[in-house]
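Below is one structure, written out as C-alpha coordinates; the observations come after it.
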Amino acid sequence: MAEVLVLVDHLEGEIKKSTYELLTAARALGEPSAVVVGPAGTAGKLADGLKEYGAAKIYVAETDSSEFLSPEVSVLSSLVESKDPAAVLIAVSADGKEIAGRVAVRTGSGLLGDVVAVSPEGTTHSVFGGAFIAEAKSNTAHPVITLRPGSVDAEPAPGAGAEEAVEVAAAGGRSATVSSREPITGGDRPELTEASVVVSGGRGVGSADDFSVVEALADSLGAAVGASRAAVDSGYYPHQFQVGQTGKTVSPQLYIALGISGAIQHRAGMQTSKTIIAVNKDPEAPIFEIADYGVVGDLFKVAPQLQEEVAKRKG
Ligand code: FAD
(Lines give C-alpha, C1' and ligand atoms only; values in the text may rest on other atoms or scores of the structure.)
Protein backbone atom coordinates (compact mmCIF):
# COMPACT_ATOMS: atom_id res chain seq x y z
CA MET A 1 0.00 0.00 0.00
CA ALA A 2 1.24 3.52 -0.78
CA GLU A 3 2.88 5.39 2.06
CA VAL A 4 1.46 8.73 3.25
CA LEU A 5 3.76 11.04 5.25
CA VAL A 6 2.15 12.79 8.21
CA LEU A 7 4.06 15.59 9.93
CA VAL A 8 3.61 15.21 13.69
CA ASP A 9 2.75 18.46 15.47
CA HIS A 10 3.84 18.25 19.09
CA LEU A 11 4.45 20.55 22.02
CA GLU A 12 6.34 19.72 25.19
CA GLY A 13 6.10 15.95 24.67
CA GLU A 14 2.38 16.00 23.80
CA ILE A 15 0.94 15.19 20.39
CA LYS A 16 -1.49 17.84 19.14
CA LYS A 17 -5.02 16.67 18.36
CA SER A 18 -4.59 17.81 14.75
CA THR A 19 -1.96 15.06 14.26
CA TYR A 20 -4.49 12.34 15.13
CA GLU A 21 -6.83 13.90 12.59
CA LEU A 22 -4.06 13.80 9.96
CA LEU A 23 -3.32 10.14 10.73
CA THR A 24 -7.04 9.35 10.37
CA ALA A 25 -7.36 11.28 7.09
CA ALA A 26 -4.15 9.71 5.72
CA ARG A 27 -5.70 6.24 5.92
CA ALA A 28 -8.04 7.20 3.07
CA LEU A 29 -4.97 7.61 0.83
CA GLY A 30 -2.68 4.82 1.98
CA GLU A 31 -0.61 3.70 4.95
CA PRO A 32 0.28 6.56 7.34
CA SER A 33 3.92 7.11 8.27
CA ALA A 34 4.42 9.62 11.07
CA VAL A 35 7.35 12.03 10.80
CA VAL A 36 8.65 13.25 14.16
CA VAL A 37 11.13 16.13 14.16
CA GLY A 38 12.41 17.22 17.55
CA PRO A 39 15.10 16.91 20.20
CA ALA A 40 16.48 13.48 21.17
CA GLY A 41 13.92 11.48 23.16
CA THR A 42 10.85 13.14 21.63
CA ALA A 43 9.77 10.17 19.51
CA GLY A 44 9.87 7.86 22.54
CA LYS A 45 7.25 10.02 24.27
CA LEU A 46 5.01 10.19 21.20
CA ALA A 47 5.28 6.64 19.80
CA ASP A 48 2.34 5.09 21.69
CA GLY A 49 -0.12 7.77 20.57
CA LEU A 50 1.10 7.59 16.96
CA LYS A 51 0.74 3.79 16.87
CA GLU A 52 -2.73 4.02 18.41
CA TYR A 53 -3.85 6.20 15.51
CA GLY A 54 -2.46 3.99 12.77
CA ALA A 55 1.17 5.01 12.12
CA ALA A 56 2.71 2.00 10.34
CA LYS A 57 6.14 3.67 10.46
CA ILE A 58 7.60 6.46 12.55
CA TYR A 59 10.44 8.41 10.94
CA VAL A 60 12.50 10.03 13.67
CA ALA A 61 14.66 13.08 12.91
CA GLU A 62 16.48 14.18 16.03
CA THR A 63 17.44 17.82 16.01
CA ASP A 64 17.55 20.72 18.37
CA SER A 65 15.02 23.17 16.91
CA SER A 66 17.46 26.02 17.41
CA GLU A 67 19.92 24.35 15.05
CA PHE A 68 18.06 25.13 11.81
CA LEU A 69 15.02 27.10 10.76
CA SER A 70 12.15 24.67 10.09
CA PRO A 71 14.16 21.41 10.04
CA GLU A 72 10.84 19.78 9.06
CA VAL A 73 11.31 21.18 5.53
CA SER A 74 14.57 19.33 4.87
CA VAL A 75 13.36 16.15 6.61
CA LEU A 76 10.09 15.97 4.68
CA SER A 77 11.77 16.92 1.38
CA SER A 78 14.37 14.17 1.68
CA LEU A 79 11.68 11.63 2.68
CA VAL A 80 9.59 12.61 -0.36
CA GLU A 81 12.61 11.98 -2.57
CA SER A 82 13.64 8.69 -0.96
CA LYS A 83 10.21 7.14 -0.23
CA ASP A 84 8.06 8.54 -3.06
CA PRO A 85 4.93 8.76 -0.85
CA ALA A 86 1.38 9.07 -2.18
CA ALA A 87 1.00 12.39 -0.31
CA VAL A 88 2.34 14.54 2.52
CA LEU A 89 -0.16 15.70 5.15
CA ILE A 90 0.45 18.74 7.38
CA ALA A 91 -1.99 20.50 9.74
CA VAL A 92 -3.02 24.08 8.89
CA SER A 93 -1.21 26.51 11.20
CA ALA A 94 1.15 29.42 10.60
CA ASP A 95 4.15 27.04 10.76
CA GLY A 96 2.34 24.23 8.92
CA LYS A 97 1.46 26.46 5.97
CA GLU A 98 5.03 27.68 5.66
CA ILE A 99 6.52 24.19 5.86
CA ALA A 100 4.00 22.88 3.30
CA GLY A 101 4.79 25.63 0.80
CA ARG A 102 8.52 25.16 1.10
CA VAL A 103 8.34 21.35 0.84
CA ALA A 104 6.12 21.64 -2.25
CA VAL A 105 8.58 24.01 -3.94
CA ARG A 106 11.62 21.91 -3.06
CA THR A 107 10.09 18.64 -4.26
CA GLY A 108 8.17 20.02 -7.24
CA SER A 109 4.90 18.78 -5.71
CA GLY A 110 1.43 20.24 -6.04
CA LEU A 111 0.19 22.10 -2.96
CA LEU A 112 -3.42 21.59 -1.85
CA GLY A 113 -4.08 24.08 0.95
CA ASP A 114 -6.74 24.51 3.63
CA VAL A 115 -8.35 21.16 2.91
CA VAL A 116 -11.40 19.96 4.88
CA ALA A 117 -11.64 16.40 3.46
CA VAL A 118 -9.38 14.03 1.53
CA SER A 119 -10.19 11.01 -0.63
CA PRO A 120 -8.38 9.06 -3.36
CA GLU A 121 -10.36 11.15 -5.88
CA GLY A 122 -9.02 14.47 -4.57
CA THR A 123 -9.39 17.08 -1.86
CA THR A 124 -12.25 19.28 -0.67
CA HIS A 125 -11.53 22.91 0.20
CA SER A 126 -13.55 25.54 1.98
CA VAL A 127 -12.87 28.73 -0.02
CA PHE A 128 -13.80 32.44 -0.02
CA GLY A 129 -14.41 32.49 3.70
CA GLY A 130 -16.34 29.26 3.60
CA ALA A 131 -18.83 30.61 1.06
CA PHE A 132 -17.97 27.84 -1.44
CA ILE A 133 -16.76 24.27 -1.36
CA ALA A 134 -14.20 23.43 -4.07
CA GLU A 135 -12.91 20.03 -5.18
CA ALA A 136 -9.29 19.77 -6.33
CA LYS A 137 -6.74 17.23 -7.48
CA SER A 138 -3.01 17.56 -7.90
CA ASN A 139 -1.46 16.69 -11.25
CA THR A 140 1.88 15.90 -9.61
CA ALA A 141 3.04 12.89 -7.62
CA HIS A 142 3.15 13.18 -3.81
CA PRO A 143 1.00 16.33 -3.36
CA VAL A 144 1.52 18.31 -0.15
CA ILE A 145 -1.84 18.73 1.59
CA THR A 146 -2.60 21.03 4.53
CA LEU A 147 -5.65 19.89 6.50
CA ARG A 148 -7.72 22.29 8.57
CA PRO A 149 -7.76 21.22 12.26
CA GLY A 150 -11.15 19.97 13.40
CA SER A 151 -12.40 19.04 9.93
CA VAL A 152 -11.87 15.28 10.37
CA ASP A 153 -12.87 13.27 13.46
CA ALA A 154 -9.82 11.44 14.79
CA GLU A 155 -10.43 7.70 15.08
CA PRO A 156 -7.94 5.20 16.53
CA ALA A 157 -6.70 2.26 14.44
CA PRO A 158 -3.68 0.21 15.46
CA GLY A 159 -0.42 0.71 13.52
CA ALA A 160 2.91 -1.13 13.77
CA GLY A 161 4.88 2.08 14.45
CA ALA A 162 8.24 0.71 13.25
CA GLU A 163 10.83 3.41 13.96
CA GLU A 164 13.43 4.53 11.40
CA ALA A 165 16.02 7.24 11.98
CA VAL A 166 16.30 10.07 9.44
CA GLU A 167 19.22 12.47 8.97
CA VAL A 168 18.57 16.21 9.21
CA ALA A 169 20.67 17.88 6.55
CA ALA A 170 21.45 21.58 6.81
CA ALA A 171 20.38 23.43 3.68
CA GLY A 172 23.28 24.99 1.79
CA GLY A 173 23.94 28.64 2.57
CA ARG A 174 21.59 28.67 5.58
CA SER A 175 22.59 31.58 7.80
CA ALA A 176 19.60 31.95 10.13
CA THR A 177 18.98 30.00 13.32
CA VAL A 178 16.19 30.22 15.87
CA SER A 179 17.26 31.86 19.11
CA SER A 180 14.14 30.95 21.11
CA ARG A 181 10.69 29.47 20.70
CA GLU A 182 7.89 30.31 23.11
CA PRO A 183 4.65 28.38 22.79
CA ILE A 184 1.65 30.72 22.71
CA THR A 185 -1.00 29.55 25.16
CA GLY A 186 -3.94 31.16 26.85
CA GLY A 187 -2.82 30.20 30.36
CA ASP A 188 -4.84 27.23 31.63
CA ARG A 189 -7.23 27.42 28.71
CA PRO A 190 -6.95 25.01 25.77
CA GLU A 191 -4.94 26.10 22.75
CA LEU A 192 -7.19 28.07 20.37
CA THR A 193 -6.80 25.87 17.27
CA GLU A 194 -7.09 22.64 19.28
CA ALA A 195 -10.06 23.55 21.50
CA SER A 196 -13.38 21.78 21.02
CA VAL A 197 -15.21 24.89 22.26
CA VAL A 198 -14.23 28.50 21.41
CA VAL A 199 -15.88 31.63 22.80
CA SER A 200 -14.92 34.75 20.83
CA GLY A 201 -15.57 38.40 21.46
CA GLY A 202 -15.82 41.23 18.96
CA ARG A 203 -15.90 44.99 18.94
CA GLY A 204 -19.32 44.74 20.61
CA VAL A 205 -17.53 43.77 23.84
CA GLY A 206 -16.47 47.40 24.01
CA SER A 207 -13.28 47.32 26.10
CA ALA A 208 -10.36 45.19 27.28
CA ASP A 209 -11.82 45.07 30.80
CA ASP A 210 -15.15 43.80 29.54
CA PHE A 211 -13.46 40.88 27.81
CA SER A 212 -13.69 39.29 31.27
CA VAL A 213 -17.31 38.48 30.30
CA VAL A 214 -16.04 36.47 27.31
CA GLU A 215 -13.37 34.77 29.45
CA ALA A 216 -15.83 33.88 32.19
CA LEU A 217 -18.20 32.16 29.76
CA ALA A 218 -15.23 30.41 28.13
CA ASP A 219 -13.96 29.14 31.48
CA SER A 220 -17.36 27.79 32.47
CA LEU A 221 -17.27 25.70 29.28
CA GLY A 222 -13.58 24.75 29.40
CA ALA A 223 -13.22 26.71 26.16
CA ALA A 224 -10.50 28.73 24.44
CA VAL A 225 -10.99 32.48 23.97
CA GLY A 226 -10.87 34.07 20.52
CA ALA A 227 -11.34 37.61 19.23
CA SER A 228 -12.29 39.39 16.02
CA ARG A 229 -9.77 41.62 14.33
CA ALA A 230 -11.73 44.72 15.32
CA ALA A 231 -11.47 43.64 18.97
CA VAL A 232 -7.73 43.02 18.55
CA ASP A 233 -7.14 46.30 16.68
CA SER A 234 -9.05 48.15 19.40
CA GLY A 235 -6.63 46.70 21.97
CA TYR A 236 -9.27 44.58 23.74
CA TYR A 237 -7.44 41.27 23.32
CA PRO A 238 -3.96 40.14 22.14
CA HIS A 239 -3.34 39.45 18.48
CA GLN A 240 -2.44 35.77 18.93
CA PHE A 241 -6.11 35.09 19.69
CA GLN A 242 -7.45 36.65 16.50
CA VAL A 243 -9.73 34.36 14.49
CA GLY A 244 -10.14 34.88 10.77
CA GLN A 245 -8.45 35.33 7.44
CA THR A 246 -5.42 37.05 8.94
CA GLY A 247 -5.66 35.22 12.27
CA LYS A 248 -6.16 31.63 13.37
CA THR A 249 -8.38 29.12 11.63
CA VAL A 250 -10.55 27.19 14.07
CA SER A 251 -13.06 24.41 13.54
CA PRO A 252 -14.34 23.48 17.01
CA GLN A 253 -17.44 21.47 17.91
CA LEU A 254 -18.94 24.71 19.27
CA TYR A 255 -18.12 28.35 18.42
CA ILE A 256 -19.83 31.13 20.37
CA ALA A 257 -19.55 34.62 18.83
CA LEU A 258 -20.30 37.49 21.22
CA GLY A 259 -20.69 40.96 19.69
CA ILE A 260 -19.18 39.93 16.34
CA SER A 261 -20.88 41.15 13.15
CA GLY A 262 -19.73 38.22 10.99
CA ALA A 263 -17.62 39.89 8.30
CA ILE A 264 -16.38 37.52 5.58
CA GLN A 265 -12.80 37.78 6.89
CA HIS A 266 -13.92 36.59 10.33
CA ARG A 267 -16.04 33.81 8.85
CA ALA A 268 -13.00 32.57 6.92
CA GLY A 269 -11.50 31.45 10.20
CA MET A 270 -14.53 29.86 11.89
CA GLN A 271 -17.21 28.99 9.38
CA THR A 272 -16.43 25.25 9.44
CA SER A 273 -17.17 25.07 13.20
CA LYS A 274 -19.68 22.25 13.78
CA THR A 275 -22.19 24.38 15.73
CA ILE A 276 -22.21 28.19 15.78
CA ILE A 277 -24.04 30.29 18.37
CA ALA A 278 -24.16 34.05 17.81
CA VAL A 279 -25.18 36.73 20.28
CA ASN A 280 -25.67 40.15 18.70
CA LYS A 281 -28.00 43.01 19.44
CA ASP A 282 -28.49 43.73 15.72
CA PRO A 283 -30.97 41.25 14.19
CA GLU A 284 -29.53 42.08 10.74
CA ALA A 285 -25.95 41.14 11.68
CA PRO A 286 -24.50 38.82 8.98
CA ILE A 287 -23.25 36.37 11.63
CA PHE A 288 -26.86 35.16 11.92
CA GLU A 289 -26.68 33.89 8.31
CA ILE A 290 -24.26 31.17 9.39
CA ALA A 291 -25.33 30.69 13.02
CA ASP A 292 -27.08 27.46 14.02
CA TYR A 293 -28.51 29.27 17.04
CA GLY A 294 -28.85 33.06 17.19
CA VAL A 295 -29.70 35.23 20.16
CA VAL A 296 -30.70 38.83 19.39
CA GLY A 297 -29.72 40.59 22.57
CA ASP A 298 -27.13 42.35 24.67
CA LEU A 299 -24.12 40.10 25.21
CA PHE A 300 -23.68 41.52 28.73
CA LYS A 301 -27.08 40.07 29.64
CA VAL A 302 -26.99 36.90 27.55
CA ALA A 303 -23.43 35.66 28.31
CA PRO A 304 -23.85 35.67 32.13
CA GLN A 305 -27.21 33.90 31.76
CA LEU A 306 -25.60 31.25 29.57
CA GLN A 307 -22.82 30.89 32.12
CA GLU A 308 -25.34 30.49 34.94
CA GLU A 309 -27.20 27.83 32.97
CA VAL A 310 -23.96 25.94 32.28
CA ALA A 311 -23.09 26.05 36.00
CA LYS A 312 -26.57 24.68 36.92
CA ARG A 313 -26.22 21.80 34.49
CA LYS A 314 -22.76 20.95 35.81
CA GLY A 315 -24.54 20.63 39.15
P1 FAD B 1 -18.01 45.08 14.11
O2 FAD B 1 -18.15 44.79 12.66
O3 FAD B 1 -17.89 46.49 14.54
O4 FAD B 1 -19.24 44.39 14.84
C5 FAD B 1 -19.52 44.52 16.19
C6 FAD B 1 -20.85 43.84 16.42
O7 FAD B 1 -21.16 43.86 17.80
C8 FAD B 1 -22.02 44.52 15.70
O9 FAD B 1 -22.67 43.56 14.88
C10 FAD B 1 -22.92 45.01 16.83
O11 FAD B 1 -24.30 44.90 16.52
C12 FAD B 1 -22.55 44.06 17.94
N13 FAD B 1 -22.75 44.60 19.29
C14 FAD B 1 -22.37 45.81 19.78
N15 FAD B 1 -22.66 45.89 21.09
C16 FAD B 1 -23.24 44.71 21.44
C17 FAD B 1 -23.75 44.19 22.66
N18 FAD B 1 -23.71 44.90 23.80
N19 FAD B 1 -24.30 42.95 22.65
C20 FAD B 1 -24.36 42.22 21.51
N21 FAD B 1 -23.87 42.67 20.32
C22 FAD B 1 -23.32 43.90 20.30
N23 FAD B 1 -11.66 40.32 10.91
C24 FAD B 1 -11.53 39.26 11.73
O25 FAD B 1 -12.31 39.08 12.68
N26 FAD B 1 -10.49 38.38 11.54
C27 FAD B 1 -9.59 38.51 10.55
O28 FAD B 1 -8.66 37.68 10.46
C29 FAD B 1 -9.72 39.61 9.66
N30 FAD B 1 -8.87 39.77 8.62
C31 FAD B 1 -9.07 40.81 7.75
C32 FAD B 1 -8.25 40.92 6.62
C33 FAD B 1 -8.47 41.95 5.73
C34 FAD B 1 -7.57 42.03 4.52
C35 FAD B 1 -9.49 42.89 5.95
C36 FAD B 1 -9.74 43.99 4.97
C37 FAD B 1 -10.29 42.80 7.06
C38 FAD B 1 -10.09 41.75 7.98
N39 FAD B 1 -10.90 41.62 9.10
C40 FAD B 1 -10.77 40.52 9.89
C41 FAD B 1 -11.83 42.68 9.52
C42 FAD B 1 -13.28 42.43 9.16
O43 FAD B 1 -13.54 42.93 7.88
C44 FAD B 1 -14.21 43.13 10.17
O45 FAD B 1 -13.90 44.50 10.19
C46 FAD B 1 -14.12 42.60 11.58
O47 FAD B 1 -14.26 41.19 11.56
C48 FAD B 1 -15.23 43.21 12.43
O49 FAD B 1 -15.09 42.78 13.75
P50 FAD B 1 -16.36 42.80 14.71
O51 FAD B 1 -17.42 41.94 14.13
O52 FAD B 1 -15.86 42.49 16.07
O53 FAD B 1 -16.76 44.34 14.73
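For the range 39-94, the candidate set comprises residues that are more than 23 Å from the chain's Cα centre (by Cα) and free of Cβ contacts under 8 Å to residues at least 24 places away in the same chain; within that set, the residue that is nearest to residue 114 (Cα to Cα) is 82. Whether a residue is assigned to a helix (DSSP H, G or I), closer than 24 Å to residue 93 by Cα and away from the ligand (no atom under 11 Å from the Cβ) was assessed, and residue 195 does not pass this test. Of all positions in the range 199-211, none carries a residue that is part of a strand (DSSP E or B), in the same structural domain as residue 262 (by the TED database) and away from the ligand (no atom under 14 Å from the Cβ). Residue 294 satisfies every condition listed in (1) within 10 Å of the ligand (Cβ to nearest atom); (2) part of a strand (DSSP E or B); (3) not aromatic (Phe, Trp, Tyr) except (1). Inspection of the range 273-280 finds a residue satisfying the criterion of being near the ligand (Cβ under 6 Å from one of its atoms), closer than 27 Å to residue 187 by Cβ and β-branched (Val, Ile, Thr).
Here is a yes/no grid of residues against (1) assigned to a helix (DSSP H, G or I); (2) surrounded by fewer than 15 Cβ atoms within 10 Å (Cβ to Cβ):
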| site | (1), (2) |
| --- | --- |
| 218 | yes, no |
| 236 | no, no |
| 240 | yes, yes |
| 257 | no, no |
| 271 | no, no |
| 284 | no, yes |
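What number of residues within the range 125-154 are β-branched (Val, Ile, Thr) and within 22 Å of residue 291 (Cα to Cα)? The qualifying residues number 3.
Note on the range 287-301: residues that are within 18 Å of residue 275 (Cα to Cα) and more than 25 Å from the chain's Cα centre (by Cα) amount to 3.
For the range 154-188, taking the residues that are at pLDDT 65 or above and among the polar types (S, T, N, Q), the one that is nearest to the chain's Cα centre (by Cα) is identified as 180.
Looking at this structure, is residue 250 within 12 Å of the ligand (Cβ to nearest atom), part of a helix (DSSP H, G or I) and either in contact with a strand residue (DSSP E or B) (Cβ under 8 Å, 6 or more places away or on another chain) or in contact (Cβ under 8 Å) with a residue 24 or more places away in the chain (or both)? Spelling it out, it is not the case that residue 250 is within 12 Å of the ligand (Cβ to nearest atom), part of a helix (DSSP H, G or I) and either in contact with a strand residue (DSSP E or B) (Cβ under 8 Å, 6 or more places away or on another chain) or in contact (Cβ under 8 Å) with a residue 24 or more places away in the chain (or both). Set side by side, the residues 265, 305 differ, and just one is near the ligand (Cβ under 9 Å from one of its atoms), outside any loop (DSSP other than H, G, I, E, B) and farther than 19 Å from residue 151 by Cβ, which is 265. The number of residues in the range 52-64 that are in a helix (DSSP H, G or I) and either closer than 20 Å to residue 82 by Cα or at pLDDT below 95 (or both) comes to 0. The number of residues in the range 115-136 that are buried (at least 20 other Cβ atoms within 10 Å of the Cβ) and charged (D, E, K, R) comes to 0.
Scanning the range 242-254 for residues that are farther than 12 Å from residue 201 by Cβ and of a type outside the set (S, T, N, Q), which turns out surrounded by the most Cβ atoms within 10 Å (Cβ to Cβ)? The extreme case among them is 252.
Of all the criteria given as (1) in contact with a Gly (Cβ under 8 Å, 6 or more places away or on another chain); (2) surrounded by fewer than 19 Cβ atoms within 10 Å (Cβ to Cβ); (3) at pLDDT below 95, the one not satisfied by residue 67 is (1). Quick check on my filter: what residues within the range 134-151 are among the β-branched types (Val, Ile, Thr) and either in a loop (DSSP other than H, G, I, E, B) or under 17 Å from residue 266 (Cα atoms) (or both)? 140, the sole residue that qualifies. Of the set (1) at pLDDT 95 or above; (2) more than 8 Å from the ligand (Cβ to nearest atom); (3) surrounded by 24 or more Cβ atoms within 10 Å (Cβ to Cβ); (4) closer than 28 Å to residue 19 by Cα, all apply to residue 214 but (4). Among the residues of the range 9-51, those that are within 16 Å of residue 85 (Cα to Cα), outside any strand (DSSP E or B) and not basic (Lys, Arg) comprise 22, 23, 25, 26, 28, 29, 30.
You will find that of 88, 103, the residue that is touching a His at 6+ places or on another chain (Cβ under 8 Å) and at pLDDT 90 or above is 88 and no other.
The values are calculated or read from the model by the stated rules, or taken from the named source; none is laboratory data. Just so you know, these numbers come straight off a predicted model, no measurement behind them. Ideal geometry is used to build each Cβ from the backbone, glycine not excepted, and the neighbour counts take in all protein chains shown.
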